[in-house]
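What follows is one structure encoded as structure tokens, with my remarks underneath.
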Amino acid sequence: MDIGSSWWLRNRVVCPSLHRFPTAALVFLIAPLVLLFQVAAGGVAAAQTNVAAPVGDPAGGKAVWALGNTACRNCHGPEGEGAFGPVLAGRKLSFERFKDYVRNPAGRMPAYIESELTDQEIADLAAYFNSLPPVQKPGSWRFELTDGAPHAQQLSVTVIGCGQCHGPTLETPRHGAGEVNGDWEWFKHMVYEHTTAQREQWGQLDPAITPATPRPAGPPGRNRMRMGNYSPLRLPEPMLKEIWMWMTDLGPLVPLTGRITAGAAGSAGFTYTVNVANAGVKNTGLAAEDVTITLEVPENAQVLSVTGAGYEGVRHNGESKKGPVAVWRVPRLAPTDQQTFTITLSTVAKNLRGTVRWGKPAVKADNEVTIALTGGGRGGV
Ligand code: HEC
Ligand code: HEC
């Protein structure tokens, strides 16, 4: 039986960290055996219960994949052409095998339960991939690392694959920690029981404040968790702990969010409103100290007026290489605190953008949030 052995081989060559780190290698050596066992056991169960497999619809599968509510694409490629995870397109995988793997992955993939991806949707996905031609050359990974990257970062990005969704410095997990000042127990719960833990945490956040972690997109009723549940059997606690220690060393991120909106143009110029908030859980999450808000003033624009505490004027001295910036400084933003600033310019600024950053708690990466009239926010998932 083909259990994707060519993929295993290819990936063990591609991933330099595997032969260097015996624990990781061990997990991946055992994994194919576990998979074999599961496929065999699944076959027996199916024969006993005799439940008909749902009939897959390729168009439905294409929609499920494209909506991206499970973010599988980050690992398997936008068209299932393969990336960190193996090729799915044109493989002719049966519904049973597809489902067995999604519900009970034997390797590095998190498990997706029925509430996040139904049997029917799995059947649709299998039908969609089976309608596509075989892939000649698998796609490239979303994020790669240089050889000298720290061990824990390699675990996160190229061995386990958290970083294929979360980027090389795991921003979302770090501001999730900032929302509740989460510790190691919090982190374990969030990774091993993600679909429960994340809903609990979202329930604690103030619904009136724009969240820092992007919520699932898509039409109502499809708002699922995009990250599955990891099993401690496949991702052992010591390995997860190493990832946690590295994240803690980079520093938890205060979940600051910023939004720019344009007011109606009046005779007194063009007014833009900036709303900055700490989206953490009240009395629990991290506070940001020494918060600096900057807005890039277009070269040809005059600042006619501003509002909001802590305005320091327009700086021309290299704060931003893009030109002059208007600057506000706020001593402290505790969870659920919000502050509003306005600026009135002599000309329209269609692409007005800027940054929000903080001084304390000091972090080694990502203490800056981009704000923009269009787009903005944090990178990665
Ligand atoms: C973290 C990256 C990652 C994510 C996210 C992910 N996968 Fe995977 N997937 C893998 C890897 C890696 C494998 C190969 C075995 C392993 O290590 O688990 C795999 C294997 C599979 C297989 C088995 C293929 C075979 O050869 O039998 C299927 C089916 C699959 N994934 C479907 C999905 C679906 C559907 C989703 C989303 C619901 C998903 N995967 C999300 C990484 C991922
Ligand atoms: C399929 C992409 C994907 C992979 C792979 C993934 N995550 Fe996530 N993770 C997400 C998304 C998206 C969220 C936001 C909630 C959701 O939709 O599930 C999230 C949320 C989290 C959170 C909670 C953040 C918060 O706001 O409270 C933590 C912690 C986390 N991930 C850690 C990890 C770790 C550690 C790994 C690897 C072991 C990992 N993730 C792998 C996509 C992923």
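Please treat every number below as a calculation from the coordinates, not as lab data. Because the structure is predicted, anything quoted here is derived from the model rather than measured. Here the Cβ positions follow ideal geometry from the backbone for every residue, glycine too, while neighbour counts run over all protein chains shown.
Counting other Cβ atoms within 10 Å as a rough exposure proxy, the listed residues ILE243, ILE113 run ILE113, ILE243 from fewest neighbours to most. In this simple spin-label approximation, ALA268 and ASP183 carry label points 7 Å from Cα along the Cα→Cβ vector, and these lie 5.1 nm apart. Against the empirical 2.2 N^0.38 Å (N residues), the stretch 178-283 has a Cα radius of gyration ratio of 1.41.
Across the stretch 225-258, no residue has a backbone nitrogen under 11 Å from the label position 7 Å along the beta-carbon direction of ALA362. In this rough spin-label picture, where each label sits 7 Å from Cα along the Cβ direction, the LEU67-LYS137 distance is 3.4 nm. Placing pseudo-labels 7 Å out from each Cα toward the beta carbon at VAL55 and THR374 gives an inter-label distance of 4.5 nm. In order along the stretch 334-343, the phi-based Karplus estimate (6.51 cos²θ - 1.76 cosθ + 1.60, θ = phi - 60°) of 3J(HN,Hα) comes to 7, x, 6, 5, 9, 9, 10, 10, 10, 9 Hz; Gly and Pro are listed as x.
Residues MET190, MET245, arranged from fewest to most other Cβ atoms within 10 angstrom of their Cβ, appear as MET245, MET190.
With neighbour counts taken as other beta-carbon atoms within 10 Å, the residues ARG215, ARG259, ARG224 rank, fewest first, as ARG215, ARG259, ARG224.
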